[in-house]
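FYI, it's all coordinate maths here, none of it is from the lab. The model shown is predicted, which means the values in this text are computed figures rather than measured ones. When we count neighbours, we look across all protein chains shown, and the Cβ atoms used for this are built from the backbone with ideal geometry, even at glycine.
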Amino acid sequence: MARQNPSLTEPQYFILAALMDGPLHGYGIIKAAERATEGRLRIAVGTLYGALERMERAGWVVADREEIVDGRARRYYRLTEDGTEALGREALRMQRAAAVVIGRAGEAGVSPA
């Protein structure tokens, strides 16, 4: 069953979004989040692994596999069904919140951009 969640932090949102296309390792997640935000969001390694740990406990991501690259373990994470639902709820919440502002700006004759 999906867990109720308060709104996701921006790093959590983009970490989950990065995993929509399939499993990624930590560096891959960081780079995907940077690309998705055109470089605006740069997730620090400590932030990433702390968020992944919390999201793993919440049931939103799971370790998919591990491989050794240059003598170091590289763990891949994947999105779970609960994680997909949490991401979708957050996207809908943000869309509704933005619609309030965009609608009011339009009523006032102000461009929201």
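In a shell of Cβ-Cβ distance under 14 Å around residue 68, excluding residue 68 itself, what net charge do Lys and Arg (+1) and Asp and Glu (-1) give? Local net charge: +1.
From the alpha carbon centroid of segment 22-40 to that of segment 84-100 is 20 Å. Take every Cα pair under 8 Å whose residues are at least 6 apart in sequence, average their separation, divide by the length of the chain, and the relative contact order is 28 percent.
Recomputing Cα extents along the principal axes in Å from the coordinates shown identifies the correct label among [x] 45, 20, 20; [y] 45, 29, 24; [z] 60, 34, 22 as [z].
What you get for the chain, charging only the Cβ of Lys and Arg (+1) and of Asp and Glu (-1), is a dipole of about 200 debye around the Cα centre.
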